[in-house]
Amino acid sequence: MESRKKFISKMTIPDKRKFLKRYKKEEVLTAGLFITPLFVGIIIFYFIPLIQSVFYSFTEWGMFGGYKFVGLKNYQQLFQDKELIGALKNTFTYAFFTVPCGMVIAIFIAVLLNSKIKGKGVYRVIYFLPAVTMTSAVAMIWKWMFNSEYGILNQFLASLGITGPNWLTDPKWAMTALVIVGIWSSLGTSIVIYLAGLQGISSNFYEAAEMDGAGPIKKFFSITVPLLTPTMFFTLITSIIGALQIYDLIFLMYSETNPALKSVQSVSYLFYRNAFVFNNKGYGAAIVVILLVITLLITVINFVLQKKWVHYSS
């Protein structure tokens, strides 16, 4: 680096301009080569399927392939579909409980793991394990735990003299079970993100607060929370998007014959049933487009409102 600076300093002004211009072109070319695979992946796996979904939402598919253009028929059917209204209600209920509860629990654990405690490296690994565990394994373990006959949760309740509910087959408790699994499985990623945000907060703020006589609670709400709001905002956006797209846990934990399925059926799961079970791909594509529009609207609203509560330190 130093030799390059010395080499440039000995050049004349016209030569410097030519060299820097060529150097910038090489940087742009190098950056482009590194970014190209990502853009190709986005175009193939995200952009093209998005365009196809929007197009197919205006079509009707036959049982043996082929389609015909039907205009807004699928969307007209959507607004009259009570099953979609129920799926929207379930999706928003799931997001309403998992997102804020998950954020609060993750912040609390991240603050503890960021403090000076013994073995915090081990604790970090333990809390992050659910994030790297296959969803099928997570669903299977929780199905055993929620089992009404020999599940560990109901056995624990029985030891207290309480009769445990049918967690996965009772419509009154099915959503509660799903929310519990959703919070547990998303904690690891959120904790790691919050830990990164906490470690980016300078210790000078806490030292100054201690000199003013501030206690742990005062420091948390006056320093940690305000300076952590950018991280909280990022986690909020990603958590909401993930919650609105909930599908895999429902598919793995609740069978088609489960009487509680409709009480937890999400919009994504409704899309799966219409597109792949009932082979109504046009209508399924319309459901996906509606979910996309809802997600975009919520994201835009959050970006508008973040100006009032997110504090970016200079």
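The values are calculated or read from the model by the stated rules, or taken from the named source; none is laboratory data. Remember, predicted model here, so these are calculated numbers, not experimental data. Methodologically, a virtual Cβ is constructed for each residue, glycine included, from the backbone with ideal geometry; neighbour enumeration extends over all protein chains shown.
Kindly evaluate Val179 against the criterion of being modelled with pLDDT under 95 and either surrounded by 14 or more Cβ atoms within 10 Å (Cβ to Cβ) or under 20 Å from Ser239 (Cα atoms) (or both). Walk me through it before giving the result.
Details: modelled with pLDDT under 95: no; either surrounded by 14 or more Cβ atoms within 10 Å (Cβ to Cβ) or under 20 Å from Ser239 (Cα atoms) (or both): yes.
Answer is no for this residue.
When the stretch 157-175 is filtered for residues that are surrounded by fewer than 14 Cβ atoms within 10 Å (Cβ to Cβ) and closer than 25 Å to Glu256 by Cβ, only Lys172 remains. Considering only residues of the stretch 12-50 that are of a type in the set (S, T, N, Q) and over 30 Å from Val289 (Cβ atoms), which is modelled with the lowest pLDDT? The residue in question is Thr12. Against the condition assigned by TED's automatic domain parsing to the domain that holds Leu249, more than 28 Å from Trp173 (Cα to Cα) and either touching a residue at least 24 places away in the same chain (Cβ under 8 Å) or touching a Lys or Arg at 6+ places or on another chain (Cβ under 9 Å) (or both), how does Leu84 come out, does it pass? So Leu84 does not fit the description; no.
Scanning the stretch 232-283 for residues that are in a loop (DSSP other than H, G, I, E, B) and of a type in the set (Gly, Ala, Ser), which turns out surrounded by the most Cβ atoms within 10 Å (Cβ to Cβ)?
Ser266
Among the candidates Tyr150, Tyr127, the residue that is aromatic (Phe, Trp, Tyr), in the same structural domain as Leu228 (by TED's automatic domain parsing), at pLDDT below 90 and assigned to a helix (DSSP H, G or I) is uniquely Tyr127.
Of the residues Ala286, Ala208, the single one that is among the small types (Gly, Ala, Ser), out of contact with any Pro (no Cβ under 6 Å at 6 or more places or on another chain) and surrounded by fewer than 18 Cβ atoms within 10 Å (Cβ to Cβ) is Ala208. Asn280 - would you say it is more than 18 Å from Phe97 (Cβ to Cβ), in contact with a Phe, Trp or Tyr (Cβ under 9 Å, 6 or more places away or on another chain) and in contact (Cβ under 8 Å) with a residue 24 or more places away in the chain? When the stated conditions are applied, Asn280 passes them. Is the stretch 193-203 home to any residue that is of a type outside the set (Phe, Trp, Tyr), surrounded by 17 or more Cβ atoms within 10 Å (Cβ to Cβ) and over 27 Å from Phe97 (Cα atoms)? The answer is yes; a qualifying residue exists. Selection within the stretch 58-87: residues that are in a strand (DSSP E or B) and among the charged types (D, E, K, R). The member of this set that is nearest to Val264 (Cα to Cα) is Glu60. For Gly213, the criteria (1) in contact with a strand residue (DSSP E or B) (Cβ under 6 Å, 6 or more places away or on another chain); (2) in a loop (DSSP other than H, G, I, E, B) hold in every case but one, which is (1). Taking the stretch 104-137 as the range and being within 25 Å of Leu244 (Cα to Cα), out of contact with any helix residue (DSSP H, G or I) (no Cβ under 6 Å at 6 or more places or on another chain) and surrounded by 16 or more Cβ atoms within 10 Å (Cβ to Cβ) as the test, only Ile105 passes.
Number of residues in the stretch 221-231 that are crowded, with 21+ Cβ neighbours inside 10 Å and either under 22 Å from Ile85 (Cβ atoms) or among the small types (Gly, Ala, Ser) (or both): the value is 0. Of all residues in the stretch 247-275, those that are farther than 23 Å from Ile141 by Cα and assigned by TED's automatic domain parsing to the domain that holds Thr91 have Cβ atoms under 6 Å from Cβ atoms of residues that are part of a helix (DSSP H, G or I) and not hydrophobic (A, V, I, L, M, F, W, C), 6 or more apart or on another chain, in Val267/Thr91; Phe271/Gly284; Asn274/Tyr283; Asn274/Gly284; Ala275/Lys281; Ala275/Gly284.
Taking the stretch 162-193 as the range and being aliphatic (A, V, I, L, M), over 10 Å from Val264 (Cβ atoms) and in contact with a Leu (Cβ under 9 Å, 6 or more places away or on another chain) as the test, the residues that pass are Val181, Ile191. Looking only at residues of the stretch 100-124 that are among the basic types (Lys, Arg) and part of a helix (DSSP H, G or I), we find that the one that is nearest to Ile193 (Cα to Cα) is Arg124. Cβ separations smaller than 7 Å between residues 6+ apart or across chains give the following pairs from the stretch 289-302 residues that are within 19 Å of Phe47 (Cβ to Cβ) to residues that are among the hydroxyl-bearing types (Ser, Thr, Tyr): Val289/Ser53; Val289/Ser57; Leu291/Ser268.
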